[in-house]
Amino acid sequence: MSQVVLGETEQLESALRRFKRKVSQAGIFADLKKNRHFETPGQKRKRKEVARHKERRRLRNRRQQFQNSEP
């Protein structure tokens with residue numbers, strides 16, 4: 001659980017900003033989104049497969065751009 005202690009002269013907006021940053025770094029929102037709905041094992045495999053293909057495509061495009069940019 002993320003916790004932020006408000007300083008004596010600290011404004012609420014800055015404390016809220018710090019809290020949001022801590023929550024983001026802790027990965028709480030990503031975990032909430034992931035566990036919002038039950039995902040069957042088949043759906044999980046399919047999602048990971050799509051992510052794998054997307055990552056491969058991104059790496060392939062980067063390699064091609066690098067090779068094309070060399071004189």
Give the distance, in whole Å, between the Cα centre of the range 29-50 and the Cα centre of the range 1-23. 31 Å
On the full set of protein chains, 1.4 Å probe, figure out the accessible area of ARG52 and give it in Å² to the nearest 10. 120 Å²
How do HIS37, HIS53 rank by accessible surface area computed with a 1.4 Å probe, from largest to smallest? HIS37, HIS53
Calculated [θ] (222 nm, deg cm²/dmol) that DSSP helices of n ≥ 4 give over the chain, each run adding -39,500 (n - 2.57): -24000 deg cm²/dmol
Rounded to the nearest 0.05, FRET efficiency between ARG56 and LYS34 (Cβ-Cβ, R0 22 Å) equals 0.50
May I ask you to evaluate 6.51 cos²θ - 1.76 cosθ + 1.60, the Karplus curve with θ = phi - 60°, for each residue of the range 27-36 and list the ³J(HN,Hα) values in order in whole Hz, giving x for glycine and proline? x, 5, 5, 4, 5, 5, 5, 5, 9, 5
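The values are calculated or read from the model by the stated rules, or taken from the named source; none is laboratory data. What you see is a predicted model; the values in this text were computed from it and never measured. In this analysis, Cβ positions are derived from the backbone assuming ideal geometry, glycine residues included, and neighbour counts consider all displayed protein chains. Areas reflect the complete protein model, heavy atoms only, side chains present, ligands, DNA and RNA absent. Shrake-Rupley method; radii C 1.70, N 1.55, O 1.52, S 1.80 Å.
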